[in-house]
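We did not get these values from a lab; they are worked out from the coordinates using the rules stated. Keep in mind the model is a prediction, meaning the values are calculated, not measured. Heads up, the Cβs are rebuilt from the backbone with ideal geometry, glycines too, and the neighbour counts pull from every protein chain shown.
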Amino acid sequence: MVQLEVFLQTLVSGLLLGGLYALIGLGMTLIMGVMKIINLAHGELMMVAMYIAYWLFTLLGVDPYVAVFIASPALFILGVLIQKYLITPVIKVESILPENQVILTVGIGMVLASLATVFFKSDYRSTPVDYASVTWYLSDFWQNSPIELSISLLWAVSFVFSILITLALWFFLSRTDIGKQIRATSQDSDAAILMGINVNRVRAFSFGLGSAIVAAAGCLFIPLYYLYPALGGQFTLIAFVITILGGLGSNIGAIIGGLILGVFESMTSTYIGMGWAPVGRFAIFIAALVFLPGGIASLLKSRRLGK
Amino acid sequence: MLEVKNIDVFYGDLQVIFDVSFGVNKGEVVALIGANGAGKSTILRTISGLVHPVRGDIVFDGQTINKLHNYSLIELGLVHVPEARRLFPEMTVEENLDIGSLRGQAKKQRKVNKDKIFELFPRLLERRRQLAGTLSGGEQQMLAIGRGLMSLPKLMMLDEPSLGLAPILVKEVFRVIEQVRSEGMTVLIVEQNVKQTLAIADRAYVLENGKLVMSGKAADLANDEHVRAAYLGV
């Protein structure tokens, strides 16, 4: 019975983590779909958003969950500016390979991390909200429960937030004209131009939206994690693994990929050892590349398109 | 309505279009015919602004358009239905039609137009919630034309609309083109199916290796020795 309890608790923690991972992956896959490049500054953008949330909390006492509504718009603007003034000029130079845009994002990430180190030092910081220790136990709700499970309030709130943001994004992409333009551009950018879509503007908007989403993820993460300038790289890798596992540019793939990665990491920590979680992450990465090169999206696509 | 004046087009260092000039008048169906690689699609892509001419001008409705943003041409009433349909495969039929009507007047009249398209292509109505990628080739072509019509064009450019379709569907496509034309649409069509194209076109231009070699009334070209030998196989 204890073993079952441990397993279920690990599964629940994994899903909660996976919900946040899905949000990080969604931001990257959105940019990937439209731009056809991997944004390797993704984690650093999240780090910037976390500093915004941190300073809002420390200086003004703004709750990190409220900070979502400030950090996301701020990062949206930053993303649009990066796309418009840094990435688009590189696209226009025809002799440069598309890989150079990816290298450019690596550079942007480095600059952001270095700036954070210069301004905020490499101290570990956190936002000790006063409800951090609130935890719900299954036995509080169901007295005779044969097993015991617990969920921390912070994780639960972060998870619910990430689901709400995911739903909002789904609604936006499927119901609004701008959302349809984003999807059309990612499916066929030349045809999109012929239909009167200003592809450059859609790209800038998508980069902004992807940045805003990962900014939201950052705000949801900060009550749960420590913040330091070099934190971005780790999350860029996580987003990258999710994007590959989910299938490049696929939103549903990113959500499922994020959940799988969360559960897998949680399982590795419980059954193999805390330090092994990153190893599990890369085991999944390699397995996806070898056995499912198109990612989860290729499975879904073959079912939906019947090919 | 459309005037192409002395355009030269390059892909990198390679010149593919040499000093081509031609025009399309209001209400006409004009065909560009020629072999594979003659430059027919390149000319349409140049008019649409996907490729830029090194020399020459393109004038539409009295306005020089080759310096305009390519995405704004559709608002002037110029729509390009590209080769191989180029639908958005993971969007539904209806969403594809929505994408055809993003701007100006077309957006305001989206609902009315959509009903008209569904009237023209009842098959699309049955499948309006289906993903475009799951349609058959013929249905995809109908959707591509429908998506083009959604923008309320004055001039419709069709690139190889019969490509890869079964003979009965080819007939259907040409029937639709005639119907659209009878409602006052001007059409510029690029086709390898020369016989049927000349049958519905008013005038035609023959393109060989990037140069215009012949032009005239479609009916005359259909009886021309050279055209018959090179394109009609008789």
| Calculated from backbone phi, Karplus (6.51, -1.76, 1.60) coupling profile of segment B:13-18 in Hz, x at Gly/Pro | 8, 9, 7, 10, 10, 10
| What length, rounded to one decimal in nm, is gained on full extension from A:Tyr124 through to A:Trp55, with 0.36 nm per residue of separation minus their alpha-carbon distance? | 23.5 nm
| Near B:Lys67, which aspartates and glutamates are there with a Cα under 17 Å away, not counting those fewer than 8 places off in the same chain? | B:Glu3, B:Asp8, B:Asp57, B:Glu75
| So what does log10 I(q)/I(0) come out to for segment A:129-208 at q = 0.22, 0.24 Å⁻¹, using the Debye formula with one equal point on every Cα and no solvent? | -0.99, -1.07
| remark: Taking every DSSP bridge whose two residues both lie in the protein assembly as shown, the antiparallel percent to the nearest 5 is 55 percent
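For chain B, what's the relative contact order in percent, using C-alpha pairs closer than 8 Å and at least 6 residues apart?
28 percent
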| task | Measure nothing fancy, just the Cα-based angle from helix B:167-182's long axis to the longest principal axis of chain B, in degrees from 0 to 90, nearest 10. | result | 90 degrees
| field | Farthest positive-ward along the protein assembly as shown dipole, Cα basis, beta-carbon charges - from A:Ser72, A:Pro293, B:His80 | value | B:His80
| Under the definition of partner shielding as Cβ atoms of other protein chains within 10 Å of a residue Cβ, what is the mean value for peptide B:92-100? | 3
| Size of charge dipole - segment B:88-152 - debye, nearest 20, with Cβ of Lys, Arg +1 and Asp, Glu -1, no other charges | 300 debye
| Gaussian network model of chain B, Cα springs within a sub-10 Å range: biggest mean-square fluctuation belongs to which of B:Glu178, B:Glu139, B:Glu90? | B:Glu90
| How are the Cα pair distances of segment B:123-201 distributed, in percent, across 10 Å bins from 0? | 17, 53, 28, 2
| Antiparallel as a % of all DSSP beta bridges within chain B, to the nearest 5? | 50 percent
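Rounded to two decimal places and with Rh computed the Kirkwood way over Cα pairs, what is Rg over Rh for segment B:88-152?
Ratio of gyration radius to Kirkwood radius for segment B:88-152: 0.94.
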| Pairs beyond 30 Å (Cα-Cα), from A:Lys84/B:Lys40; B:Lys154/B:Lys217; B:Lys5/B:Lys171; B:Lys107/B:Lys217; A:Lys84/A:Lys180; A:Lys92/A:Lys180 | A:Lys84/B:Lys40; B:Lys5/B:Lys171; B:Lys107/B:Lys217
| Amide H contacts of B:Glu208 (H built 1.01 Å from N, under 5 Å, at least 5 apart or other chain) | B:Val213
| FRET efficiency, 1/(1 + (r/R0)^6) with R0 60 Å, evaluated for B:Asn223 and A:Tyr226 via beta carbons | 0.10
| field | Sequence-distant residues sharing a close amide H with B:Glu28 (under 5 Å, placed H) | value | B:Val187
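How big is the Cα convex hull of the protein assembly as shown in projection, averaged over all directions, in nm²?
About 29.6 nm², averaged over all directions.
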| remark: Distance in nm between B:Ala230 and A:Ser139 label points, each 7 Å along Cα→Cβ, equals 9.0 nm
| request: Using amide H atoms built 1.01 Å from N in the peptide plane, name the residues 5+ places from B:Val16, or on other chains, whose amide H lies under 5 Å from its own. | output: B:Val9, B:Phe10, B:Tyr11
| field | Positive-end residue, segment B:88-152 charge dipole about Cα centroid, Cβ charges, pick of B:Ala106, B:Ser136, B:Asn96 | value | B:Ala106
| query | Residues in segment B:33-58 near a label at B:Phe10, defined as backbone nitrogen under 16 Å from the 7 Å Cα→Cβ point? | reply | B:51-56
| query | Roughly how many debye, to the nearest 20, is the charge dipole of chain A about its Cα centre, given +1 on each Lys and Arg Cβ, -1 on each Asp and Glu Cβ, and no other charges? | reply | 940 debye
| What list do you get for A:Ile242, A:Ile178, B:Ile74 if you sort them by fewest beta carbons within 10 Å? | A:Ile178, B:Ile74, A:Ile242
| task | Give, as ranges by residue number, the residues of segment B:13-54 whose backbone N falls under 19 Å from the point 7 Å along Cα→Cβ of A:Lys92. | result | B:49-54
| Between A:Tyr131 and B:Leu68, how many nm apart are label points set 7 Å from Cα along the C-beta direction? | 5.5 nm
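How high is the FRET efficiency between A:Leu299 and A:Ile103 when r is their beta carbon distance and R₀ equals 45 Å, given to the nearest 0.05? Please list the in-between numbers first.
On the way: r = 31 Å, r/R0 = 0.70.
Taking R0 as 45 Å, the efficiency between A:Leu299 and A:Ile103 is 0.90.
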| What residue among A:Ile272, A:Ile52, A:Ile163 has the largest mean-square fluctuation in a Gaussian network model of chain A, using Cα springs under 10 Å? | A:Ile272
| remark: For segment A:80-90, Karplus-derived ³J(HN,Hα) couplings (6.51, -1.76, 1.60; θ = phi - 60°; whole Hz; x for glycine and proline) come out as 4, 5, 4, 5, 5, 9, 10, 7, 4, x, 6
| Size descriptor, Kirkwood hydrodynamic radius, that averages inverse alpha-carbon separations across segment A:9-64, Å | 13.2 Å
| Relative contact order (percent, whole number), chain A, Cα cutoff 8 Å, 6+ residue spacing | 37 percent
| Neighbour-count order for B:Ser136, B:Ser182, A:Ser158, A:Ser152, fewest beta carbons within 10 angstrom listed first | B:Ser182, B:Ser136, A:Ser152, A:Ser158
| Computed over chain A, the ratio Rg/Rh where both radii use C-alpha atoms and Rh is Kirkwood | 0.98
| message | Can you work out the Karplus-derived ³J(HN,Hα) for every residue in segment A:44-58? Use 6.51 cos²θ - 1.76 cosθ + 1.60 with θ = phi - 60°, whole Hz, and x for glycine or proline. | response | 5, 4, 5, 4, 4, 4, 5, 5, 4, 4, 4, 5, 4, 5, 6
| query | Under a point-charge model restricted to the Cβ atoms of Lys and Arg (+1) and Asp and Glu (-1), what is the dipole moment magnitude of segment A:66-166 relative to its Cα centre, in debye to the nearest 20? | reply | 400 debye
| query | What is the average number of partner chain Cβ atoms found within 10 Å of a Cβ in B:81-91? | reply | 5
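What list do you get for A:Ile255, A:Ile182 if you sort them by fewest beta carbons within 10 Å? Don't jump to the answer; show the numbers that get you there.
Working: A:Ile255 26, A:Ile182 23.
Exposure proxy ranking, most exposed first: A:Ile182, A:Ile255.
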